[in-house]
Structure formats: C-alpha cells, structure tokens
1. Among 382, 312, 366, which is the only one that is over 25 Å from residue 49 (Cα atoms) and modelled with pLDDT of 95 or more?
2. If residue 357 passes every condition in (1) touching a strand residue (DSSP E or B) at 6+ places or on another chain (Cβ under 8 Å); (2) part of a helix (DSSP H, G or I) but one, which one does it miss?
3. Kindly indicate whether any position in the stretch 238-246 is surrounded by fewer than 24 Cβ atoms within 10 Å (Cβ to Cβ) and within 30 Å of residue 316 (Cβ to Cβ).
4. For the list (1) surrounded by fewer than 16 Cβ atoms within 10 Å (Cβ to Cβ); (2) at pLDDT 95 or above, I need the number of the one condition that residue 329 fails.
5. Take the stretch 51-70 and flag every residue that is part of a strand (DSSP E or B) and either touching a residue at least 24 places away in the same chain (Cβ under 8 Å) or not assigned by TED's automatic domain parsing to the domain that holds residue 91 (or both).
6. Any idea which of 73, 44 is in contact with a strand residue (DSSP E or B) (Cβ under 8 Å, 6 or more places away or on another chain), crowded, with 17+ Cβ neighbours inside 10 Å and assigned to a loop (DSSP other than H, G, I, E, B)?
7. Considering each of 150, 173, 196, 208 in turn, give the residue that is buried (at least 18 other Cβ atoms within 10 Å of the Cβ), assigned by TED's automatic domain parsing to the domain that holds residue 27 and closer than 26 Å to residue 83 by Cα.
8. Within the stretch 82-102, restricting attention to residues that are over 21 Å from the mean Cα position of the chain (by Cα) and surrounded by 20 or more Cβ atoms within 10 Å (Cβ to Cβ), which residue is nearest to residue 142 (Cα to Cα)?
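The values are calculated or read from the model by the stated rules, or taken from the named source; none is laboratory data. From a predicted model like this one, the values you see are computed outputs, not experimental measurements. Note: ideal-geometry Cβ built from the backbone for every residue, glycine included; neighbour counts use all protein chains shown.
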Ligand code: EPZ
C-alpha cells in the first residue's frame with residue numbers, strides 16, 4: 001500500500017491550480033440521469049469517488065466515461081433502478097442517486113450508504129423528502145425500495161439543512177408534476193452549482209443557495225454542458241498547509257466568496273490573505289496565534305470539512321484552541337494520530353481542546369478523507385519525516401495531494 005512521505009519543518013513557497021469540487025460533481029453526475037440526451041461535465045477532479053459514481057451510472061445502463069478532466073454521460077441505455085451493495089458501500093454520496101433514479105425510473109432500490117465513518121449517517125431526511133413528493137418507501141433486509149407511479153410537487157420541510165437531502169429533493173422535484181418548495185434547504189455553493197446544471201438541462205429552479213428553493217417540475221430534461229465550481233475544501237486545505245508550515249502560497253481558482261468563515265479564522269490567527277480575481281494568496285510570517293473557539297455549522301458557518309485541516313494548523317499556533325464539531329458525532333478520529341506527532345489535545349464528545357507546541361514526524365494512518373488531509377498538514381509543520389498511510393481515504397477527495405503539496409514547495413512524495 002502506498003504512503004505519503006513528508007519531510008516537514010520547511011516553509012512553503014509556490015502556487016497550485018485548484019481541483020474541481022468533489023461535493024459539487026457527485027450530485028451533478030447523479031443529476032445527469034435526468035437528461036434525455038448526453039451531458040458533458042468539465043473540471044471534474046480525478047477521484048476514487050468520481051470513478052465510483054461513473055461505475056454506478058454504467059451499472060444502471062448509461063455510458064459514462066472520463067477524458068482528462070471531462071466526464072461524458074449518456075442515459076440512452078438506462079435500464080436498471082437498483083444499486084448493488086458493493087457499489088453503494090464505496091461512498092456516502094451513492095445515496096445521491098436516490099432522487100435521480102426514482103424520478104427517471106419510477107422506482108429505486110439501494111442499501112444504506114457507505115463513506116467516511118463520521119458517526120451514524122442516517123438518511124431519514126432523504127426518505128421523508130421522497131415521501132413528500134409521492135414516493136412509497138419500504139425496507140427489507142437492509143435494502144430500501146422506493147416506488148412512485150408519478151412524482152408530484154410538494155413541500156419538503158427539512159428538520160436539518162442536510163446537504164444531501166436538499167440535493168436529492170431538488171433533483172427529484174425537477175421531474176415531479178407541479179411545484180415543489182424545499183424549506184430549510186442547505187445553502188452550500190455546491191447546491192447552487194447543482195441548480196445551475198439542472199437549469200442548463202431545462203429545469204426551472206429558483207432560490208438555490210438560500211434556505212427556500214422552488215422548483216417547477218418538467219416532463220423531461222435535455223442534455224447539457226457544465227463546468228464544475230472549484231473545490232473550496234481543497235482550497236482550505238492548501239491555506240491550512242501554509243498556516244501550519246509558514247511561507248507563502250497561491251491557490252489559483254480559489255473563491256473568497258465560498259470560504260468566508262474559514263478565511264476569517266485564518267486572519268484571526270495572523271495569516272495575511274490577498275484576494276485576486278481568481279486566486280487566494282496566503283502569507284504566514286511566523287508563529288500564529290490560536291484562534292480561540294471554532295464552531296462548525298451549516299453554510300455559511302465554519303465548514304465541518306475544514307475542521308480537520310485547520311485543527312492541524314492550530315497545533316503549532318501559540319495558545320489554546322477549542323473546536324466544537326456540531327455537524328458530525330465522530331469527526332475527531334485524526335486527533336489520536338496527531339498526538340503521535342506530539343499534538344497536545346484532548347477530545348470530549350464533540351469538543352476538542354488543544355494547545356500549540358512543537359510537532360515531530362511520525363508514522364500515522366488516515367481513517368477518513370479530511371482526517372487524512374489533517375495528517376498531511378500537521379506533517380508539513382512537524383520537524384523530521386512523517387509517513388502517512390490510508391491514502392485510499394485521501395484519494396476519495398483530493399486529486400493528487402502529493403503533487404499539489406509539491407507545487408507549494410513541500411517535500412512530499414507518494415512511496416510504495
Ligand atoms: C455533505 O454530506 C458532504 N458530502 C460532506 O462532505 C459534508 O461534511 C456535509 O455535507 C456537511 O456539509 C457530499 O456532499 C458528498 P448532511 P451529507 O446531510 O450530505 C445528519 C467530505 O469530507 N443527517 O448535510 O451526508 C447527518 O448525520 C464530506 O467531503 C440526518 O440526521 O451531510 C449529519 O449529522 C464529509 N439525516 C448532518 O445531518 C439525514 O437524512 C449533516 O449531514 C441526513 C443527514
């Protein structure tokens with residue numbers, strides 16, 4: 001199994017081109033099922049989750065392939081409505097296909113989704129949303145089956161602004177007869193990007209990016225071409241790397257309007273930021289100050305996916321930092337690995353309290369996607385060499401992390 005070797009303690013200097021957004025392209029690939037004609041999706045990151053999504057599309061009978069960073073999907077051969085357990089288990093986002101298959105085929109069958117172990121990953125909100133649009137839901141032996149003679153518009157009231165449930169409701173509503181309103185919708189930029197793609201396919205969507213989304217269902221949708229937005233969490237990871245290791249980095253394609261809460265914490269720590277038309281530049285002059293308490297929350301609050309890499313960057317900041325993880329129950333699994341590098345931290349439930357100090361290289365193992373990124377960020381600040389295992393978790397969401405770190409001047413190499 002390959003590992004990521006990082007020689008830390010060297011300030012970064014360089015620039016990198018930001019990948020397309022994993023959390024935008026996955027629902028967009030699912031939504032391409034709604035199109036009667038071919039879709040071309042550009043700026044697609046090369047990730048194992050994307051490969052899994054393309055495999056699900058092919059399993060359903062579609063043609064789905066990647067050339068460079070462009071995906072082509074044609075639903076001409078669409079003939080299946082069930083996703084086998086093996087394909088479901090490979091990523092959480094497979095639940096994203098629920099609304100699209102139901103809307104196109106009138107039924108869908110899948111097992112409960114896999115993905116990062118961040119605590120229980122229920123899908124009750126997804127199922128309630130499908131019921132609100134007229135679906136019948138049944139479960140037998142861990143396999144869910146939803147049927148709907150014809151989906152009809154309705155009011156989807158989300159108990160929580162769930163990103164995935166908002167996306168499934170939005171996708172299904174596009175082919176439901178009549179008008180749908182999604183209340184307490186998630187507001188992430190990835191939802192706006194999904195809505196832009198659906199609109200390019202002929203859907204009538206308004207309010208995406210706000211907590212109230214309205215959809216006027218259509219009888220059918222046509223193919224479209226779309227360019228995926230940049231990955232704000234990959235950008236946050238690069239900026240956190242600069243905060244941890246020091247130096248100066250430029251992230252081309254990063255959007256200030258997607259990262260407000262994250263950037264505010266970096267500035268509070270003493271990172272100086274420069275915003276260009278299509279880049280963010282960070283300079284970390286010397287030791288940073290701890291930011292105090294950082295609470296994650298639904299967008300536009302501080303992003304839960306940015307918590308692990310920023311936590312790593314706080315390990316060398318002067319003073320005490322407290323992270324309150326409000327989105328997931330078990331999202332501090334990286335802390336025990338970081339302690340092997342000398343991190344002075346403790347976790348109590350959803351709160352992690354840490355104090356800045358020196359870090360040293362160690363052999364560590366990633367247990368989930370963003371936790372793996374946190375290990376890489378900490379290794380850049382640690383004196384000496386680190387070896388990071390569990391790269392399969394990192395490859396789910398980062399398109400060549402070693403190469404990106406090398407762009408930024410880090411001594412980071414993938415070794416067997
Ligand atoms: C999306 O996951 C992202 N994944 C996650 O990114 C991200 O952390 C999360 O949104 C929050 O921003 C993709 O977009 C592919 P949620 P999702 O539904 O949709 C609870 C990464 O690292 N909930 O907004 O699964 C749930 O348990 C990944 O890129 C229910 O209770 O997140 C969680 O506590 C990790 N019932 C909270 O809501 C439901 O039916 C937020 O989950 C659904 C969710």
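1. Checking each option against the conditions leaves just 382.
2. (2)
3. Looking only at the stretch 238-246, we keep the residues that are surrounded by fewer than 24 Cβ atoms within 10 Å (Cβ to Cβ), and these are 246.
Filter again for within 30 Å of residue 316 (Cβ to Cβ), leaving 246.
Checked the stretch 238-246: at least one residue is surrounded by fewer than 24 Cβ atoms within 10 Å (Cβ to Cβ) and within 30 Å of residue 316 (Cβ to Cβ).
4. (2)
5. The first filter runs over the stretch 51-70 and keeps only residues part of a strand (DSSP E or B), leaving 63-67, 70.
Once the filter is applied, which keeps residues that are part of a strand (DSSP E or B) and either touching a residue at least 24 places away in the same chain (Cβ under 8 Å) or not assigned by TED's automatic domain parsing to the domain that holds residue 91 (or both), the stretch 51-70 yields 64, 70.
6. Details: 73 fails: assigned to a loop (DSSP other than H, G, I, E, B).
Answer to the check: 44.
7. Numbers: 150 fails: buried (at least 18 other Cβ atoms within 10 Å of the Cβ); 196 fails: closer than 26 Å to residue 83 by Cα; 208 fails: closer than 26 Å to residue 83 by Cα.
Answer to the check: 173.
8. 83
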